[in-house]
Amino acid sequence: MSGSFNAIVAEEIDGKTRGSLKQLNLSDLPEEGVLIDISYSSLNYKDGLAVSGKGRICRKLPMVCGIDLAGTVAESSDSRFKVGDKVLVNGYELSEKYWGGYSQKQRVNPDFIVPLPEGLSLKETMAIGTAGYTAMLSIMALKKQGVTPEQGEILVTGAGGGVGSIAIAILSELGFDVVASTGRPELHEYLKRLGASSFIDRSELSEKGAPLAAERWAGVVDSVGSQTLANAIAQTKRDGCVAACGLAGGIDLPATVFPFILRGVTLCGIDSVMAPMALRLEAWKQLARDLPKERLAEITRTEPMTSIPELADQLIAGGIRGRVIVDVNA
Ligand code: NDP
């Protein structure tokens, strides 16, 4: 490919930030050590906020959106990477401080780059994307706290979304009994196919509950936050663990200290964006091993980059199921 290429660029128009399809040239790209020919990116909650302008994600403008990318090294001034290497990048403030993956080409800081994990294709890494890698970081946190399948049920909130869907697929593969919380009963069959064994309606968790409720969960993967997270913590069993990774339902946490000081519950915060490289590599290794390919295919659909502005609005309205791979060359 020579000359110009396509990218989704966020700019301020009439006081509003919004991402749209633009043409860029190589000379527009930042001065970073590795040029990547991008094959795929993906759509995450944060991408929805950035492209729709509904959240202040981009800290400078213009900004090429897309917090994930996977592709092939086209030029490298860094000894760790050579032309032809297959690589991916998640987070590290792409689409916030640094230009991101909704582009056919991008220059990236070599410190951010993960070599393609053994056993996964470029497309599969973007089916997983930041959402799936965050699900794995959450599950690794539960396991680190000693949560095992023998201890009982695991609650996954925001089950129909990207983090939730992938968390269910991995947890069930690992032998956990998974209870899925969703506001969309029409997704029950889909969530069952991923491995959920039973369901709890989203509204049951989003209403104010007791500070210390009946003990139910051995562990929780929560991508919703707010009252849902507070209730999940209050329902967690003695010495159980709650991995808090999201805010789809709100940023507040109206909880008490009772579950922590009376039941020894652990609350683990999950930050995928700045997770250290060693943890990323381990998470990707475990994703290649523990996420069944047929379930990943069930979770995923592929869309052209041109449809991103429309899909971003749908995602923020809670209307996307599972994961969307973005084909930047379609
Ligand atoms: P999705 O939009 O794919 O999924 C979010 C899901 O949350 C929805 O599908 C819906 O599930 C549920 N939901 C949406 N709105 C509400 C609401 N108002 N109240 C309760 N539930 C709601 O997003 P992702 O899975 O990509 O991300 C989920 C969250 O995790 C986001 O907040 C995101 O910012 C966060 N995140 C954090 C990361 C980190 O590093 N900590 C990294 C990646 C994501 P259903 O319809 O089934 O109820």
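The values are calculated or read from the model by the stated rules, or taken from the named source; none is laboratory data. Please read these numbers as outputs of a predicted model, since none were measured by experiment. Glycine gets a Cβ as well: all are built from the backbone with ideal geometry, and neighbour counts include every protein chain shown. With ligands, DNA and RNA removed, areas are computed over all heavy atoms of the protein, side chains included. Shrake-Rupley method; radii C 1.70, N 1.55, O 1.52, S 1.80 Å.
Put simply, of V73, V83, V89 the only residue that is part of a loop (DSSP other than H, G, I, E, B) and more than 26 Å from A159 (Cβ to Cβ) is V83.
Within region 289-304, being part of a helix (DSSP H, G or I) and either in contact with a Phe, Trp or Tyr (Cβ under 8 Å, 6 or more places away or on another chain) or farther than 21 Å from C245 by Cα (or both) holds for R289, K293, E294, R295, A297, E298. Residues in region 227-236: is at least one open to solvent by 20 Å² or more (accessible area, probe 1.4 Å), of a type outside the set (A, V, I, L, M, F, W, C) and assigned to a helix (DSSP H, G or I)? Yes, because at least one residue in region 227-236 is open to solvent by 20 Å² or more (accessible area, probe 1.4 Å), of a type outside the set (A, V, I, L, M, F, W, C) and assigned to a helix (DSSP H, G or I).
Checking the condition over 22 Å from the mean Cα position of the chain (by Cα) and outside any loop (DSSP other than H, G, I, E, B), which residue from Q23, Q106 passes? Criteria check complete, one pass: Q23.
In this structure, does L291 turn out to be touching a residue at least 24 places away in the same chain (Cβ under 8 Å) and over 23 Å from S203 (Cβ atoms)? Taking the combined requirement at face value, the residue satisfies it.
The residues of region 77-97 that are on the phi < 0 side of the Ramachandran plot and buried (at least 22 other Cβ atoms within 10 Å of the Cβ), listed by number, are V87, L88, V89, N90, L94.
Of the set (1) open to solvent by 10 Å² or more (accessible area, probe 1.4 Å); (2) under 19 Å from the mean Cα position of the chain (by Cα); (3) under 17 Å from S138 (Cβ atoms), all apply to L174 but (2).
The conditions of being over 15 Å from Q106 (Cβ atoms) and open to solvent by 10 Å² or more (accessible area, probe 1.4 Å) are met by E11.
Of the residues making up region 198-225, those that are surrounded by 15 or more Cβ atoms within 10 Å (Cβ to Cβ) and within 13 Å of the ligand (Cβ to nearest atom) number 10. Scanning region 53-76 for residues that are crowded, with 24+ Cβ neighbours inside 10 Å and of a type outside the set (A, V, I, L, M) turns up C58, C65, G66, D68, G71.
Filter region 135-165 down to the residues that are in a helix (DSSP H, G or I) and open to solvent by 20 Å² or more (accessible area, probe 1.4 Å), then identify the one that is nearest to the ligand (Cβ to nearest atom). The qualifying residue nearest to the ligand (Cβ to nearest atom) is V163.
Cβ contacts < 6 Å: first residue on the phi > 0 side of the Ramachandran plot, restricted to region 43-72; second residue within 16 Å of the ligand (Cβ to nearest atom), any location; separation 6+ or different chain. Result? Sorted first by the residue in region 43-72, then by its partner, the pairs are G66/S41; G66/S95; G66/G100; G66/G101; G66/Y102. Per the conditions (1) at pLDDT 95 or above; (2) under 30 Å from V9 (Cβ atoms), the sole criterion not satisfied by T266 is (2). Take the residues in region 101-136 that are touching a Ser or Thr at 6+ places or on another chain (Cβ under 7 Å) and of a type in the set (S, T, N, Q), then tell me which one is farthest from R323 (Cα to Cα). Within region 101-136, the match that is farthest from R323 (Cα to Cα) is T134. Just one residue in the set S79, S95 is at pLDDT 95 or above and more than 13 Å from the ligand (Cβ to nearest atom); that residue is S79. Of the residues contained in region 249-262, none is found to be in a strand (DSSP E or B), away from the ligand (no atom under 13 Å from the Cβ) and among the β-branched types (V, I, T). Scanning for something in contact with a strand residue (DSSP E or B) (Cβ under 6 Å, 6 or more places away or on another chain) and within 8 Å of the ligand (Cβ to nearest atom), does region 166-187 turn up at least one residue? Taking every residue of region 166-187 in turn, at least one turns out to be in contact with a strand residue (DSSP E or B) (Cβ under 6 Å, 6 or more places away or on another chain) and within 8 Å of the ligand (Cβ to nearest atom).
Looking only at residues in region 263-303 that are touching a strand residue (DSSP E or B) at 6+ places or on another chain (Cβ under 9 Å) and over 24 Å from K46 (Cα atoms), the one that is surrounded by the most Cβ atoms within 10 Å (Cβ to Cβ) is V265. The lone criterion from (1) under 22 Å from L311 (Cβ atoms); (2) not in a strand (DSSP E or B) left unmet by P117 is number (1). Within the option set G132, G100, G195, being under 25 Å from A248 (Cβ atoms), buried (at least 17 other Cβ atoms within 10 Å of the Cβ), at pLDDT 95 or above and assigned by TED's automatic domain parsing to the domain that holds V73 holds for one residue only, G100.
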